[in-house]
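Take a look at the structure set out below.
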Amino acid sequence: MTVSHESGDAWSWLPFYGIIESRDSGTTFTDEAASYRLWWIGMLVVYVIYYCTIVVTKPKVVCSGKKLKEAIAEHCPIFFECYWPTIWAFNNHLMTVLRARLQHSPKAQYKRHMLRLYDGGQLALDWLKVDRDDITLPVLVILPGLTGSSQDNYVRYLAKDGESQGFRPVVFNQRGNGGVEMLTPRTYNATNTEDLCEVISHVRSSYPDVPIVGLGVSLGAVLLTRYLAETGDKSELAGVMAISSLWDAVASSDGLEQFPSRQLYNWFLSRKMRNMVERNVPRILSKFQTLPYDINEILKGSVISDYDQSCTIKVFGYPNNTEYYEDVSN
């Protein structure tokens with residue numbers, strides 16, 4: 001084998017190129033091999049320094065008062081420790097995509113209960129089959145994100161983690177999600193907590209003497225925090241964990257329109273929302289002569305804001321997306 005050592009060699013960029021021997025000339029490129037090794041070691045050192053000094057940081061804890069911050073520090077000290085993300089995938093988009101593609105989904109067996117709602121609609125409560133079926137176990141109500149259900153990878157992990165911590169997990173599958181058939185034209189949104197109130201009421205009637213804790217992700221987190229604001233001291237929940245809750249829905253919507261969020265998330269979530277409505281419209285039309293939305297207009301959309309414009313605001317009485325998103329942020 002003959003290896004060229006000219007500067008224009010197409011393979012000279014390889015880090016191991018310099019250790020290749022030329023059988024014809026008997027030359028070993030030891031000097032070049034050493035330089036490549038030093039280059040890669042240098043890049044690795046720079047990467048580690050960047051990771052340790054820029055990426056690794058302490059969470060920013062925002063509180064309304066000193067006493068609350070002290071209580072958080074006492075009961076949740078991890079919030080005041082440095083967060084060390086995966087060193088080879090610390091970018092938020094990379095973590096999201098790789099986790100969805102590479103991480104194994106845990107086995108989770110559920111027992112489904114269909115809950116009929118006040119307007120004739122329905123949703124599904126999937127109760128995780130726990131190993132220790134003790135009636136005194138506190139209940140963990142899990143609210144997935146925008147199009148999530150009990151079968152999603154991250155929801156299964158939350159349910160199994162909840163079980164390992166001594167809870168009885170139950171997943172709230174919204175109307176139309178997780179294989180739930182829509183019986184009315186009504187969908188769901190991030191401001192209306194009527195369905196959530198019915199879910200919590202049902203859980204309380206099923207387990208009257210145990211604490212109920214809520215855990216929401218994204219849309220589910222918004223609904224939980226809104227429920228707390230609406231119910232106040234009358235809340236049936238002993239505690240809530242809100243993960244990735246929206247802080248400013250207008251800014252969030254604008255961000256989802258930008259690269260790479262539009263390509264990675266927006267198109268995918270919007271398609272799932274459109275498919276949910278399209279899949280259920282024939283059944284709904286068999287019972288209702290008119291719908292609050294135009295199915296053809298919904299199907300023309302390509303992003304979440306299109307879906308909200310053609311469906312969500314019409315079902316829940318908002319004049320436009322901006323007022324809906326502002327209400328979500330309140």
**Asked** What is the distance in Å between the Cα centres of the stretch 32-100 and the stretch 129-150?
**Response** 30 Å
**Asked** Where only protein heavy atoms count, and the probe is 1.4 Å, what is the accessible area per residue for the chain in Å²?
**Response** 58 Å²
**Request:** Quote the charge dipole size of the stretch 77-208 about the Cα centre in Debye, to the nearest 20; the model charges only the Cβ of Lys and Arg (+1) and of Asp and Glu (-1).
**Result:** 300 debye
**Message:** What's the magnitude of the charge dipole for the chain around its Cα centre, counting Lys and Arg as +1 and Asp and Glu as -1 at the beta-carbon? Answer in Debye, nearest 20.
**Reply:** 820 debye
**Message:** Under 10 Å, Cα contacts only: if you run a Gaussian network model on the chain, which one of Glu278, Glu32, Glu257 comes out with the highest mean-square fluctuation?
**Reply:** Glu32
**Prompt:** On a 0 to 90 degree scale, rounded to 10, what angle separates helix 219-231 from the longest Cα axis of the chain?
**Reply:** 40 degrees
**Item:** Helix 66-75 axis, angle to the chain major axis (alpha carbon atoms, nearest 10°)
**Value:** 70 degrees
**Asked** Which percent of the accessible heavy-atom area of the stretch 210-277 goes to carbon and sulfur, probe 1.4 angstrom?
**Response** 58 percent
**Relative contact order %, the chain, counting alpha carbon pairs below 8 Å whose residues are six or more apart** = 11 percent
**Asked** Gain in length, Ile41 to Thr225, computed as 0.36 nm per residue apart minus the alpha-carbon separation, to one decimal in nm?
**Response** 61.4 nm
**Asked** Taking only Cα atoms, what is the 0 to 90° angle, nearest 10, from helix 153-164's long axis to the longest principal axis of the chain?
**Response** 70 degrees
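The values are calculated or read from the model by the stated rules, or taken from the named source; none is laboratory data. Note that this is a predicted model, so its numbers are computed, not measured. Every residue, glycine as well, gets a Cβ built from its backbone with ideal geometry; the counts of neighbours run over all protein chains shown. All accessible areas refer to the heavy atoms of the entire protein, side chains included, with ligands and DNA or RNA removed. Shrake-Rupley method; radii C 1.70, N 1.55, O 1.52, S 1.80 Å.
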